[in-house]
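Student: Okay, here's the structure, questions in a sec.
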Amino acid sequence: MNIKNVWLHFRLVCIHKWNVFKLSCRVGEPWRGFCHDFSKFSPTEFVESCKYYIGTHSPIIEAKKDKGYSKAWLHHRGRNKHHPAYWIDEFAPEPTPVIPYKYAVEMLCDKMSAAMTYKKDKFTTQYVLDYWNRELPYENINPKTKQFITAVLEQCVKNGIDKTFTKKNFKELYKKYCE
């Protein structure tokens, strides 16, 4: 790990958090945007992410290639409610409950921001939808939450972020698919 990677990773996380915050404000969840991903600054996540920093995609991918797992990812998903893995309890009556509204919204802001942050000038809402569709077969998530996320991302492709990322629209779609 070198000092350049420390700075570049720190900067990348801050850009990502800023984008999540802006999107979260648009949909009426500024607190979720503010609190988003603070665990990335914990030693468990930050050190590994600096070590495997590349800049074009998540360092978690690089750690998994190298070691077969990522301590940062295991730490992150277990502490952040905007990740579907947080909600899995295979021994519960409902192993994958519907993710509560504020965390499902944060998940959408996270996905959009991650693509904006890594793709930069090549960012498109279609990229986010395509990535989500590739994830679906591997994502253990409640079907209702899946439908909500998919509907929002499809709307983004059709209508753009400005028209889709509104509090009213998100509330209506969540009510339609999750309640």
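Student: Going by what's in this entry, would Lys22 be described as open to solvent by 50 Å² or more (accessible area, probe 1.4 Å), in a loop (DSSP other than H, G, I, E, B), modelled with pLDDT of 95 or more and within 21 Å of Tyr174 (Cβ to Cβ)?
Tutor: When the stated conditions are applied, Lys22 does not pass them.
Student: Just one of Ile60, Ile99 is over 15 Å from Ile141 (Cα atoms) and buried (at least 20 other Cβ atoms within 10 Å of the Cβ); which is it?
Tutor: Ile60
Student: Considering only region 86-94, I want to know if a residue exists there that is of a type outside the set (Ser, Thr, Tyr), modelled with pLDDT of 95 or more and touching a Phe, Trp or Tyr at 6+ places or on another chain (Cβ under 9 Å).
Tutor: Yes: region 86-94 contains one or more residues that are of a type outside the set (Ser, Thr, Tyr), modelled with pLDDT of 95 or more and touching a Phe, Trp or Tyr at 6+ places or on another chain (Cβ under 9 Å).
Student: Take region 76-93 and flag every residue that is more than 15 Å from the chain's Cα centre (by Cα) and either touching a residue at least 12 places away in the same chain (Cβ under 8 Å) or surrounded by 20 or more Cβ atoms within 10 Å (Cβ to Cβ) (or both).
Tutor: Ile88
Student: Further question on the same structure: Quick one: which helices (runs of 4 or more DSSP H) lie wholly within region 134-179 and hold at least 3 residues that are surrounded by 14 or more Cβ atoms within 10 Å (Cβ to Cβ)?
Tutor: 143-159, 167-178
Student: Test Pro30 against the stated conditions and say whether it is at pLDDT 95 or above and over 26 Å from Tyr127 (Cα atoms).
Tutor: no
Student: Could you say whether any residue in region 104-111 is out of contact with any His (no Cβ under 6 Å at 6 or more places or on another chain), open to solvent by 20 Å² or more (accessible area, probe 1.4 Å) and part of a helix (DSSP H, G or I)?
Tutor: The answer is yes; a qualifying residue exists.
Student: May I pose another question? Sort out which residues of region 36-56 are crowded, with 16+ Cβ neighbours inside 10 Å and more than 25 Å from Gly68 (Cβ to Cβ), and write them in order of number.
Tutor: Across region 36-56, the qualifying residue is only His36.
The values are calculated or read from the model by the stated rules, or taken from the named source; none is laboratory data. Everything numeric here is computed off the predicted structure, so don't read it as measured data. Cβ: placed from backbone, ideal geometry, glycine included. Neighbour counts: every protein chain shown. Please note that ligands, DNA and RNA were not included when accessible areas were found on the heavy atoms of the full protein model with its side chains. Shrake-Rupley method; radii C 1.70, N 1.55, O 1.52, S 1.80 Å.
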